Amino acid sequence: MSVREGFRQVAVATRMLLLESSRELGLVLGFSVIFPVGILFFLNVLAAPDLRVQALVGTIMLDMALLNVNALAQTMGQDKARKEFDLWVSLPVRPAVYTAAVALSYLPYSLAAAAVTLGVGIAGFHIPVPTSTIPTLFAGFFLVWASTLGIGFLIGALGRTPRQINSYAQLIGILLTFFAPVFYPVTVLPVPLQWVAYAWPLTWGSRYLTAVVVGNSGMALEAAAVLAGYVVLWSTLIALGLRWRQT
Amino acid sequence: MADTERLGASGDPARRDAPVLRVRHLTKSYRGRTGLRTANDGLDLEVHPGEIVALLGPNGAGKTTLLRQVAGQLLPTAGTIEIAGLDVVRRPIAAKRFLSVIPQECEPRGDLTVEEEIRGFAALKGTPRSAIPAEADRLLAETGLVEHRRTLIRELSGGLRRRVLLAVALAGPSTRLLLLDEPTTGVDPEARRSVWRLIEGLRARRLGILLTTHYIEEAEYLADRVVVIDGGRFVAQGTVAEIRARLPYGGRLEIRGLDHLTANGRALVADLESRYRVGLKLGNAERLEVPDPFRPEVVAELARLTGEGVQATLAPVSLEDAYLSLVGTGAGFDA
């Protein structure tokens, strides 16, 4: 199959999935508006004045990474439950087509959520974000999104049953939310946990976004390089198609 | 050689009639908590263009395991599977171009309309963009879904959803093999028959069809060839008539109400029991295996029984009798 044919299949599948999810108003509003604004409001009230940028970055990390990890894994779980997954496996498509399409079908909602979060953070909560950094931030959103996709894929692919996938997704979601320094600086963690935190792509995503907002280009480049490494790692695993064909 | 050429579209009869599915020495084993379990044990099978093959077997016999390996969902432990001459394990994407599958209990996505679902899958299966509208129209007409084209799938009945799956399976320019895993399970009898008519109508397309079913009637109605699988092995293959002929008797004489027989009736039944094998005795009913239900003396015995007020029926052996005999689960009375 040619690369062009692969891209065509991704476009077709993404359109199908997007059409379907766009008909679920609760998902659209909850994913894109209610959840991010609620979290931002909550964090902004709790955060110390010097951590308000971190609160904004943390909420965007939720929008671009954590929800995606959960949504990708849960969608694969639902598809396995309905045997739709079997239908996909029997199509002349590579696992990357299916994974990319599921992930891309949530991307518009994540981007909308990130845009809403950024807008409300700047206009509503007066969080200082230089306007000139916004394009770079949006480029970073894609990187954060792509660098965390593989976690959702691994949960969805390795889980045998929807229930197993659901419980893995919840567990990893909790770990990523509270043990990755997205809502607080990594230095707050005890040193051994800091090393664990540096293994998460979310830590680097958070560093990247914070570095862009505060204008630290060296730290931003370093974090972007690590995130790009994660993209390569996940792409390789997805291409291998773990359990696409079961043994 | 281009993959499409392997099928012999050129008109070479030998190629055109070459099997669309060829399974050789297929074995699938799982290592579970209780040790090694072999779900498929050295299976050989061919399905030819225009042929409908029904796979019959009890739960856990290995039917779905076989289909999932053919569909590329499960890797075999040993053996080979070729679809249109292409190895499913070594060249999965190329082989799957000639394959369509309706997985067991598959539920299509509910929030797409029927037409959106069909168009999407047609595109995924390689139909050129310009040909998709015409193909969707054709499939909607063929599966009787025209009036539902703009209906969301979740609003359809179970039978109509099965038709959507069938339309999706028929989409694409190169399907040669159709796998149907229990295609009518869970649908009402009327919808089942309408799905049968659709499947029957696919003979004209010269698709090879391999289906699994628990409904003997479905196999009798649809299949050119029946394959009985039990314990991971094929225990019989052939036409319905050939499978039936494997039984050592040709008919069954069923007698009910044994506890209400007159003295003459009891004597008649005892005489029959001494001459024919009692295939099954259940409560106050029993089944006698008679050599040929159409022989005059057998028909005369039925007349004598009914003349004595005995509830008795005579019928030729069915595929179900043969199946139950082959898989060793005994036989039950029809409700």
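The values are calculated or read from the model by the stated rules, or taken from the named source; none is laboratory data. Source: prediction; values computed, not measured. Counting neighbours? That spans all protein chains shown, and the Cβs are built from the backbone with ideal geometry, glycine included. When the accessible area is computed, the model is the full protein with side chains, heavy atoms only, and any ligands, DNA or RNA have been set aside. Shrake-Rupley method; radii C 1.70, N 1.55, O 1.52, S 1.80 Å.
Here are the numbers:
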item	result
Average beta carbon contacts from partner chains per residue of A:14-27, 10 Å cutoff	3
A:Arg4-A:Ile34 pseudo-label distance in nm [points 7 Å out on the Cα-to-Cβ vector]	4.5 nm
Over chain A: helical MRE at 222 nm, DSSP H runs n ≥ 4 each giving -39500 (n - 2.57), nearest 500	-24000 deg cm²/dmol
Whether the protein assembly as shown is rounded, prolate or oblate, judged on the alpha carbon gyration tensor where a/c under 1.5 counts as rounded	prolate
Number of partner chain Cβ atoms within 10 Å, mean per residue of A:45-55	0
Buried solvent-accessible surface, both chains (A, B), 1.4 Å probe, Å² to nearest 100	3200 Å²
Between the stretch A:82-99 and the stretch A:151-185, the Cα center-to-center distance that results, in Å	22 Å
Amide H within-cut-off set for B:Val89, under 5 Å, with H built and near neighbours excluded	B:Ile81
Check: the stretch B:53-141 dipole with +1 on Lys, Arg Cβ and -1 on Asp, Glu Cβ, in debye	400 debye
Furthest towards positive pole of dipole, A:Leu17, A:Leu227, A:Phe35, structure part chain A, Cβ charges	A:Leu17
Centroid-to-centroid separation of the stretch B:175-250 and the stretch B:89-111 [C-alpha atoms, Å]	20 Å
Most to least accessible of B:Arg192, B:Arg33, B:Arg149 (protein chains only, probe 1.4 Å)	B:Arg33, B:Arg149, B:Arg192
Computed magnitude of the charge dipole of the protein assembly as shown (debye, nearest 20; Cβ of K, R +1, Cβ of D, E -1)	1280 debye
Rounded to 5, the percent of DSSP beta bridges in the protein assembly as shown classed as antiparallel	65 percent
Using a Förster distance of 45 Å, the FRET efficiency for B:Arg33-A:Ala139 (Cβ separation, nearest 0.05)	0.35
Projected label distance in nm at B:Ala300 and A:Val188, using a 7 Å step from Cα toward the beta-carbon	10.0 nm
Relative contact order (%) - the stretch A:3-246, alpha-carbon pairs under 8 angstrom, separation at least six	28 percent
Rounded percent of accessible protein surface that carbon and sulfur make up, the stretch A:3-246, 1.4 Å probe	72 percent
Karplus-derived 3J(HN,Hα), 6.51/-1.76/1.60, for each residue of the stretch A:94-109, Hz, glycine and proline x	8, x, 4, 5, 4, 4, 4, 5, 4, 5, 5, 5, 9, 4, x, 5
Where the protein assembly as shown is the region considered: accessible area per residue in Å², 1.4 Å probe	43 Å²
Accessible carbon and sulfur surface of the stretch B:164-253 relative to its total accessible area, %, 1.4 Å	48 percent
Rounded if a/c under 1.5, otherwise prolate or oblate - the stretch A:3-246, Cα gyration tensor axes	prolate
Net charge dipole size for chain B [Lys, Arg +1 and Asp, Glu -1 on Cβ; Debye, nearest 20]	1220 debye
B:Glu46 - accessible surface, heavy atoms, 1.4 Å probe, Å² rounded to 10	50 Å²
